[in-house]
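Have a look at the structure below, then the notes.
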Amino acid sequence: MSDLIRLLPDSVANQIAAGEVIQRPASAVKELLENAIDAGATHIKLLVKDAGKTLIQVIDNGSGMSETDARMSFERHATSKIREANDLFSIRTLGFRGEALASIAAIAQVELKTRKADEEVGTSIVIEASKVKSQEPVACQQGTTFIVKNLFYNIPARRHFLKSDNVEFRHILEEFQRVALVHPTIEFSLFNNDKPVFQLSKGNLRQRIVHIFGNQINEKLLPVEAKTELVSVTGYIGKPETARKTRGEQYFFANGRFIRHPYLHHAVEQAFDELIPDSAFPSYFLYIEVDPSTVDINIHPTKTEVNFQNGQVLYASIRASVKHALGMFSLSPTIDFDTEPTFDFVAPKGYEPKEPTITLNPDYNPFRKPQNFLKANAGMTPNHTGWEKMYEGIANQTAAKTDQEENPEINPNPAHQFETEHANVPESSIYEANKLFQVQNRFIVANVKSGLLIVDQQKANERIIFERISSNAIGQAVTRQRVLFPQTIQLSAVDSEIIHELINDLDSLGFEISTMGGGTFVINTIPSNMPTGEIISFIEGLLEDIKKDKSDSSDDQRIKLARIIAGNMAVKTVKTLKVEEMQQLIDELFACHVPDVAPDGSRVLKIIQVQEIDKLIGK
Ligand code: ADP
Ligand code: MG
């Protein structure tokens with residue numbers, strides 16, 4: 001029998017590697033920016049077209065490459081950054097795997113122009129799908145320009161799975177910001193379809209943060225500084241009262257690269273502990289420096305996940321330094337300085353500590369009867385029939401029992417049951433003789449004909465709101481209220497992109513938002529049943545959920561939005577309800593088309609059949 005094992009051709013191997021390193025245009029952007037930084041550039045320009053799908057161009061004024069290096073740079077495992085295995089443990093540059101350029105060249109049409117300072121002519125190379133198309137001398141500036149066209153042009157399946165331009169551009173913005181936040185002394189600019197998005201001049205870290213996130217962030221930043229023998233933690237955190245519902249500005253950098261680290265994130269959250277509400281996220285920009293030999297950055301091809309040897313020390317240092325910064329700021333009594341190591345801290349001049357204030361609206365009652373509920377639901381067919389019938393006969397347990405025996409088949413889908421079981425029940429019988437009560441302030445329990453009905457009040461609320469706004473989405477007149485004092489919200493570039501993308505859909509759902517430029521938006525109207533005090537935190541929660549939303553884009557965009565809006569408008573907390581409020585909620589729930597399933601697909605209610613109760617108590 002002949003041998004079966006063959007070595008994969010390089011072009012195939014590169015395509016496979018590309019799948020790991022380059023997932024989307026933003027991954028190529030990240031690699032190219034990092035290479036420019038490693039090359040010592042002080043000025044880096046990024047141009048993209050169609051969110052990088054058509055063009056990604058990075059122009060740097062770094063070291064440039066010799067003719068041979070230029071050609072070599074596209075080979076797999078070709079790197080100038082390590083020479084031997086030991087170098088891996090002292091790596092200070094952003095690259096070292098030598099995979100990025102080989103990967104990009106395997107899945108795009110790439111043009112490279114590069115010249116070293118001490119050479120008169122530069123080199124131009126065109127390479128497509130790993131094949132060199134041309135290589136020739138060229139007159140060009142010192143430094144390097146990479147032009148990457150038509151990413152995934154030769155892998156239609158991958159190209160097909162790219163998200164909309166808006167989504168892909170958001171990813172690019174994220175990568176750009178992450179890189180720019182680590183190198184405030186490098187000038188960066190970003191152009192999207194020839195329009196300037198960022199032009200960041202060089203400065204210090206605080207200035208860079210302000211350039212990226214807007215002036216309003218300046219007064220919100222508290223400096224963090226802690227240095228021990230093992231680790232140094234510097235950077236800024238947001239003041240507690242500026243914590244937002246959207247987790248946008250949370251950045252960890254380790255030895256100059258952006259990292260994700262849930263464990264260290266927890267350390268920050270712990271430090272903020274009681275200073276911010278559970279639903280809010282603290283902002284932070286924290287820069288960790290450790291001995292490179294104590295950190296493993298090699299565990300993931302994109303190098304955003306890292307392992308620290310001294311994870312626990314790091315955790316404690318971060319928690320302590322953040323607490324310390326907060327303590328200096330608020331002199332909060334909850335901070336126990338005695339048990340925390342202290343760090344040198346220099347308070348800014350003219351600095352006056354003050355107590356953080358947290359604004360929550362204790363009066364907010366999502367179950368409050370909406371004024372125009374029936375109007376808002378005009379056109380929806382209430383599904384009262386089964387619901388009414390469930391209550392029927394409670395006064396007469398014998399009758400109920402007989403009924404049950406006649407119809408012992410238990411339908412696992414209550415919605416279906418409602419539709420098919422009974423009809424023509426007199427309205428008056430609905431709530432008679434019924435007692436509703438709450439369990440743990442989370443569930444409403446009612447006695448129904450076949451057993452015990454348990455309703456998850458938050459999920460019920462979500463379903464009700466969802467149907468209200470999605471029925472609007474299906475073309476009904478929107479019931480909206482004009483807010484007395486239009487509210488202004490300042491958003492990061494990424495969040496602004498999302499709002500721009502959704503502005504029409506949001507409008508059709510009752511949110512009229514106008515854009516003032518520079519990330520400032522004004523909210524003029526909101527759906528009529530929404531409390532006006534909640535607008536800003538609502539928008540933040542909405543943005544957060546949209547960013548988290550991984551569901552397929554094939555969903556109708558507005559239905560998806562309606563789902564997210566419902567999740568944010570419904571209360572997240574446990575809540576004591578008056579009997580009338582419970583009745584109101586249940587009434588509205590069963591007026592819904594699909595009362596038993598929440599917009600996110602989870603269960604709203606459950607009926608525990610008498611037989612099950614029998615079993616439960618061992619009969
Ligand atoms: P890595 O960065 O991991 O070494 P890459 O595939 O990203 O691997 O790059 C390969 C090599 O090409 C680098 O090691 C570097 O020597 C060279 N190179 C890439 N981009 C640039 C650039 N913008 N300027 C100068 N040299 C570069
Ligand atoms: Mg690289």
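The values are calculated or read from the model by the stated rules, or taken from the named source; none is laboratory data. Being a predicted model, the structure only gives us computed values, none of them experimental. Counting neighbours? That spans all protein chains shown, and the Cβs are built from the backbone with ideal geometry, glycine included. Side chains are part of the model used for accessible areas, which takes the heavy atoms of the whole protein and leaves out ligands, DNA and RNA. Shrake-Rupley method; radii C 1.70, N 1.55, O 1.52, S 1.80 Å.
If only residues of the range 485-521 that are aliphatic (A, V, I, L, M), modelled with pLDDT of 85 or more and not in a helix (DSSP H, G or I) are counted, the one that is surrounded by the most Cβ atoms within 10 Å (Cβ to Cβ) is Leu491.
Of all the numbered requirements in (1) touching a helix residue (DSSP H, G or I) at 6+ places or on another chain (Cβ under 8 Å); (2) open to solvent by 20 Å² or more (accessible area, probe 1.4 Å), Pro277 misses one, and that requirement is (1). Among the residues in the range 27-47, are any buried (at least 24 other Cβ atoms within 10 Å of the Cβ), more than 21 Å from Ala180 (Cα to Cα), under 27 Å from the mean Cα position of the chain (by Cα) and of a type in the set (Val, Ile, Thr)? No, the range 27-47 has no match at all.
Please go through the range 58-97 and pick out each residue that is within 33 Å of the chain's Cα centre (by Cα), within 14 Å of ligand 2 (Cβ to nearest atom) and either closer than 19 Å to Ala28 by Cα or crowded, with 16+ Cβ neighbours inside 10 Å (or both). If the condition is that a residue be within 33 Å of the chain's Cα centre (by Cα), within 14 Å of ligand 2 (Cβ to nearest atom) and either closer than 19 Å to Ala28 by Cα or crowded, with 16+ Cβ neighbours inside 10 Å (or both), then Val58, Asp60, Ile91, Thr93, Leu94, Gly95, Phe96, Arg97 are the ones that fit. Taking the numbered list (1) in contact with a strand residue (DSSP E or B) (Cβ under 7 Å, 6 or more places away or on another chain); (2) within 23 Å of Lys323 (Cα to Cα); (3) of a type in the set (A, V, I, L, M, F, W, C) in turn, Ile217 passes all entries but (1). Set side by side, the residues Val210, Val197, Val224 differ, and just one is open to solvent by less than 30 Å² (accessible area, probe 1.4 Å) and either in contact (Cβ under 8 Å) with a residue 40 or more places away in the chain or in a strand (DSSP E or B) (or both), which is Val224. Evaluate the range 50-57: report whether one residue or more is within 15 Å of ligand 2 (Cβ to nearest atom), modelled with pLDDT of 95 or more and either open to solvent by less than 20 Å² (accessible area, probe 1.4 Å) or over 26 Å from Val182 (Cα atoms) (or both). Yes, there is a match, as at least one residue in the range 50-57 is within 15 Å of ligand 2 (Cβ to nearest atom), modelled with pLDDT of 95 or more and either open to solvent by less than 20 Å² (accessible area, probe 1.4 Å) or over 26 Å from Val182 (Cα atoms) (or both).
Filter the range 32-76 for residues that are free of Cβ contacts under 8 Å to residues at least 24 places away in the same chain and over 21 Å from Val138 (Cα atoms) and give the result. The one that is free of Cβ contacts under 8 Å to residues at least 24 places away in the same chain and over 21 Å from Val138 (Cα atoms): Gly40.
Of all the listed residues (Ala41, Ala26, Ala78), the sole one being at pLDDT 95 or above and within 13 Å of ligand 1 (Cβ to nearest atom) is Ala41. If the condition is being out of contact with any Asp or Glu (no Cβ under 8 Å at 6 or more places or on another chain), farther than 16 Å from Ser450 by Cβ and assigned to a strand (DSSP E or B), then the range 570-615 contributes only Val597. For the range 105-126, the set of residues classified as open to solvent by less than 30 Å² (accessible area, probe 1.4 Å), in contact with a Ser or Thr (Cβ under 9 Å, 6 or more places away or on another chain) and within 13 Å of ligand 1 (Cβ to nearest atom) consists of Ala105, Ala106, Leu112, Thr114, Gly122, Thr123, Ile125, listed by residue number. In this structure, is Ile5 of a type in the set (A, V, I, L, M, F, W, C) and either modelled with pLDDT under 95 or part of a loop (DSSP other than H, G, I, E, B) (or both)? Yes; evaluated as a whole, the condition is true for this residue.
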